[in-house]
1. Based on DSSP H runs of at least 4 residues, each adding -39500 (n - 2.57), what is the mean residue ellipticity at 222 nm of the chain after dividing by all its residues, to the nearest 500 deg cm²/dmol?
2. Return the long-range amide H neighbours of residue 249 (sequence gap of 5 or more, or a different chain), with a cut-off of under 5 Å between placed amide H atoms.
3. Computing the accessible area with a 1.4 Å probe over protein heavy atoms, can you report the carbon and sulfur percentage for the chain?
4. What ranking do 45-52, 239-246 get when scored by the average of other Cβ atoms within 10 Å per residue, highest first?
5. Let me spell out the model: positive unit charges on the Cβ of Lys and Arg, negative unit charges on the Cβ of Asp and Glu, origin at the Cα centre of segment 206-365. What dipole size does that give, in debye rounded to 20?
6. Relative contact order (percent) for segment 166-227, with alpha-carbon contacts under 8 angstrom and 6 or more residues of separation?
7. Which of the peptides 332-342, 91-101 is most tightly packed, and how do the rest follow, going by the mean number of other Cβ atoms within 10 Å of each residue?
8. Against the globular-protein guess of 2.2 N^0.38 Å, express the Cα radius of gyration of segment 245-365 as a ratio, rounded to two decimals.
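The values are calculated or read from the model by the stated rules, or taken from the named source; none is laboratory data. Remember, predicted model here, so these are calculated numbers, not experimental data. As a convention, Cβ positions derive from the backbone with ideal geometry for all residues, glycine included, and neighbour counts pool all protein chains shown. These area figures cover heavy atoms from the full protein model, side chains too; ligands, DNA and RNA do not enter into them. Shrake-Rupley method; radii C 1.70, N 1.55, O 1.52, S 1.80 Å.
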Amino acid sequence: QRRVHGDLTFILPMMNRPLLVLAAVFVVAAAQSFPSNLNGDPNRVSVSGLSSGAFAAVQFHFSFADELVGAGIVAGGPWFCARGSETDAFECMDEPLLVSLTELEAAVAAAFAAGELANPASLAKGRTFLFSGTKDTVVNPGTMAKLQQMYAKYMPASQIQAVFNVPAEHGMIIGGSAVTSWSGANACATLGSPYIQSCQMDAAGKILQWIYGAANVSAPVAAVADNLYAFSQAAFVPNGQSTSSVSMGPTGYVYVPTVCKSSNETEAALCPVHIALHGCEQSIANIGTAFVQHTAYVNYAESSGIIVIFPQAESEEIKNPDACFDWWGFTGSDYATRNGAQNLMFAAMARAATNGQAFPSLKTI
């Protein structure tokens with residue numbers, strides 16, 4: 001076997017799993033209700049991710065901390081720990097003792113001084129959830145410990161929750177209830193596609209509860225099929241670029257809970273917005289809509305009135321064969337900053353969900 005960009009690619013063909021857009025964990029509404037806008041709250045935007053999506057979530061959090069209220073990181077690592085190099089990316093995942101937080105914190109200061117990051121003091125206004133499985137053979141748990149130390153530089157320890165004691169392999173953690181269980185998931189300590197692990201815990205739920213408060217996040221319920229929409233990611237690409245040039249797929253997804261589709265425009269009706277970033281080998285081409293449907297985000301979204309946006313990366317044969325989000329620089333040297341193409345797209349998606357206007361190119365599935 002050989003490791004590629006943060007997940008494992010096996011020489012043997014992967015087992016194909018049927019992935020249906022309307023899965024058993026979804027219920028079909030009686031009639032489609034198309035939102036005129038998403039009623040997102042600009043003061044309650046957050047991000048999370050797994051693996052390459054986790055590293056990308058850290059980058060987005062540091063870049064736009066002034067617009068975010070928190071982050072959830074599953075099997076990622078410190079901001080800019082790849083330092084623009086694929087070789088250093090592997091070192092970051094494998095050898096956390098070689099990761100110098102002193103150097104990375106100096107890089108944060110320099111990037112802020114250059115206007116390339118939000119003021120790192122802004123991180124202190126939010127909350128961060130960290131997860132690393134004790135059985136993770138892809139991203140060394142010590143790398144997540146380094147990330148915890150890095151966040152502690154910028155926010156009180158009381159605002160960081162770290163769960164580092166679950167015997168899980170590399171993947172998104174689900175199975176905390178019957179409604180969030182999925183027969184296509186791996187056993188908790190088994191590595192492989194679709195990188196979704198059944199561990200009797202929902203990482204998505206833990207993330208959302210920590211960021212928004214346990215009292216504001218209810219027990220998960222079945223998602224509503226008509227509340228899942230597709231949208232063209234081309235509407236969010238920075239000027240002069242295309243989705244393919246920045247390794248993003250043509251289509252992204254957004255789940256808009258029933259309560260958020262109300263025509264009521266008062267502040268009380270506004271819903272939090274969460275951006276969820278998949279890992280390598282979890283794109284639509286790799287595993288269909290499994291990351292969108294079967295990672296429990298939509299179940300907590302429906303129960304708790306949280307809009308969830310699912311950006312989609314796309315593979316590129318030479319630079320990004322596993323459809324990772326960029327955390328080592330294949331989209332440009334500014335990838336980890338607020339000038340990075342993918343970070344700009346995530347920010348544009350969040351703003352479009354919270355500006356009270358129609359979300360661009362929204363369409364039913």
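1. After summing the helix terms and dividing by the residues of the chain, the value is -7000 deg cm²/dmol.
2. Result for residue 249 returns 312, 313, 314.
3. So the carbon and sulfur contribution to the accessible surface is 53 percent.
4. Working: 45-52: 30.0, 239-246: 14.0.
Highest mean packing first, the order is 45-52, 239-246.
5. Using only the charged Cβ atoms, the result is roughly 280 debye.
6. Working: 92 pairs, mean separation 20.3, N = 62.
The value is 33 percent.
7. Packing proxy ranking, top to bottom: 332-342, 91-101.
8. Values: Rg = 15.2 Å, N = 121, 2.2 N^0.38 = 13.6 Å.
With N residues counted in segment 245-365, Rg over 2.2 N^0.38 Å equals 1.12.
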